[in-house]
1. Would you mind getting the accessible area per residue of region 1-60, heavy atoms of the protein chains only, 1.4 Å probe, in Å²?
2. Which whole-number percentage describes the relative contact order of region 6-153, with Cα contacts under 8 Å and a sequence gap of 6 or more?
3. Quick one: pull the percentage of alpha-carbon pairs in region 1-105 with a separation above 19 Å.
4. Out of the trypsin sites (Lys or Arg not before Pro) in region 40-93, which ones are loop residues according to DSSP with at most 12 other C-beta atoms within 10 Å?
5. Once you place label points 7 Å from the Cα toward the Cβ at V149 and Y73, how far apart are they in nm?
6. Residues with beta-carbon under 11 Å from that of S108, excluding S108: net charge, scoring Lys, Arg +1 and Asp, Glu -1?
7. So if R0 is 22 Å, what FRET efficiency would T12 and D33 give, r being the distance between their Cβ atoms, rounded to the nearest 0.05?
8. Share of the chain's accessible area from carbon and sulfur, percent, 1.4 Å?
Amino acid sequence: MTRATIELGDVTPHNLQQLKRLNQVVFPVSYNDKFYKDILEAGELAKLAYYNDIVVGAVCCRIDILDGTRRLYIMTLGCLAPYRRRGIGAKMLQHVLNYVEKDGDFHSIFLHVQVNNQSAIDFYKKFGFEIVETKEQYYKRIEPADAHVLMKILRPQKSENETGFTIKS
């Protein structure tokens, strides 16, 4: 038996419909046209996952800046159910981790997960993410409506009095 190949590819205007369809199947929420318009501009932060040349997953991220601190927000990371537990999600998340490491200027990576999605929570915990907050009524039209915020700190935030200068006495 030949080994399956898992590859990541760019999101383009030609395959955007595949991303839309995938998201409709994988996620209980729907995304608007602006989401997809922004994805086309996202470059390395949006990838389709191919399993033996078939689109089976996707990851879409954006850069958030909060109080001058750059954070990467994983908007979506999902895979069709029959293809789960085959390393596809791990490959997509590893791509994101490599991106932030190469950039070197991100404080953290974070995302929202529905509180009852234990498999997703366990998946992210394997990669060093922790639940840092639970937002009640985060989702509008799905139950349960609450979401955990999972975060992986990449580098501690500098304290207010940290100047970066070394004072020699």
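The values are calculated or read from the model by the stated rules, or taken from the named source; none is laboratory data. Bear in mind that the values here come from a model prediction, so they are computed numbers and not experimental data. Cβ atoms come from the backbone with ideal geometry, glycine included; neighbour counts cover every protein chain shown. Each accessible area value is taken on the protein alone, full model and side chains, heavy atoms only, with ligands, DNA and RNA left out. Shrake-Rupley method; radii C 1.70, N 1.55, O 1.52, S 1.80 Å.
1. Dividing the accessible area of region 1-60 by its residue count gives 61 Å².
2. RCO, region 6-153: 18 percent.
3. 43
4. Within region 40-93, the qualifying trypsin sites (Lys or Arg not before Pro) (loop, at most 12 other Cβ atoms within 10 Å) are R85.
5. 1.1
6. After counting each charged neighbour, the total is +2.
7. 0.85
8. Carbon-and-sulfur percentage of accessible area, whole number: 48.
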